[in-house]
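Please read the structure below before turning to the comments.
Each value in this text was obtained by applying a stated rule to the coordinates, not by laboratory testing. Note that the coordinates shown come from a computational prediction; the quantities given were computed from them, not determined experimentally. So basically every Cβ, Gly included, is an ideal-geometry build from the backbone, and we count neighbours across all protein chains shown.
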Amino acid sequence: MQIRFATKNDINDLVLIYQGWAEFKGILPDQLVEPDTRDDLIQYFDGSNRSRKYLLATDDDNLPMGACYIDITFLILNNIRIGDMIVKKDFRNQGVGSAIFDKILKYARENNVKKIWLWTQEELESAKKFYTIKGFILEGKQKNQFCNKDALLFGLIL
Ligand SMILES: CC(C)(COP(=O)(O)OP(=O)(O)OC[C@H]1O[C@@H](n2cnc3c(N)ncnc32)[C@H](O)[C@@H]1OP(=O)(O)O)[C@@H](O)C(=O)NCCC(=O)NCCS
């Protein structure tokens, strides 16, 4: 397995991974599970939007297994946010998410990050368990945060 920062050449693999949000159709609002398209993602790779760094997990044959992004908008304030973490169904519970998270931690330590946070949803059981195992604390429930729906705020202080 390899975890690396994605480049423009990886956009198609990210699109493939993010088609996995379809799994949550009917569980989460449609807008939240709308898969990212190439047009959505290109801005993060052509220099026009520098707020996100995407991570891609690939297997030994270079096939994509999972992805997420790090929102570095507040990096200067020692703060990053994890977004859109997903591992392909067939590869879950085999350590892929943990390997991605290790890479995030490495990035955080190298960049003097003191706080990692994320939004998730009550319905995402695997995510709630995963982040709790990683030491995140449920810091709050935000009312009507997205799509008229409450969101959960998880944070990890380093
Ligand atoms: C959350 C997610 C990314 C974790 O990735 P993963 O590759 O399955 O994670 P790992 O295999 O590294 O598992 C890490 C730990 O979480 C536990 N875990 C993961 N999913 C679990 C589940 N559904 N139930 C119980 N434990 C779970 C594993 O047992 C493991 O614990 P351990 O280290 O004590 O053995 C993955 O489950 C996923 O893609 N979920 C759907 C999308 C999603 O909800 N994304 C988050 C958006 S905020």
- Under a 5 Å amide H to amide H cut-off, with H placed in plane at 1.01 Å, what residues pair with Phe136 once short-range neighbours are removed? none
- Task: State which entries of Lys25/Lys53; Lys53/Lys106; Lys106/Lys141 exceed 23 angstrom in Cα-Cα distance in the structure shown.
- Result: Lys25/Lys53; Lys106/Lys141
- Item | Separation of the Leu105 and Asp40 label points, Cα + 7 Å toward Cβ, nm | 2.9 nm
- Over all directions, what mean area does the Cα convex hull of the range 110-152 project, stated in square nanometres? 3.8 nm²
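Using Cβ contacts closer than 10 Å as the measure, can you line up Met85, Met1 from fewest to most?
Values: Met85 20, Met1 14.
By the 10 Å Cβ count, ascending, the order reads Met1, Met85.
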- Note on the structure: For Tyr107, Tyr69, ascending order of other Cβ atoms within 10 Å (fewest first) is Tyr107, Tyr69
- Taking amide hydrogens as modeled 1.01 Å from N in the peptide plane, which residues meet the under 5 Å criterion relative to Leu158, leaving out close sequence neighbours? Lys115, Ile116
- Message: Could you derive backbone 3J(HN,Hα) for the range 138-154 from the dihedral phi with the Karplus parameters 6.51, -1.76 and 1.60 (θ = phi - 60°), listing whole Hz in sequence and x where the residue is Gly or Pro?
- Response: 6, 9, x, 10, 9, 6, 6, 6, 9, 6, 6, 10, 5, 10, 9, 10, 10
- Working out 0.36 nm times the residue gap between Lys149 and Asn49, then minus their Cα-Cα distance, what length gain in nm do you get to one decimal? 33.3 nm
- Task: Calculate, for Leu16 and Gln142, the FRET efficiency according to 1/(1 + (r/R0)^6) with r their C-beta to C-beta distance and R0 41 Å; round to the nearest 0.05.
- Result: 0.85
- Note on the structure: Cα-based Debye curve of the chain sampled at q = 0.11, 0.14, 0.17, 0.18 Å⁻¹ gives log₁₀ I(q)/I(0) of -0.42, -0.71, -1.10, -1.25
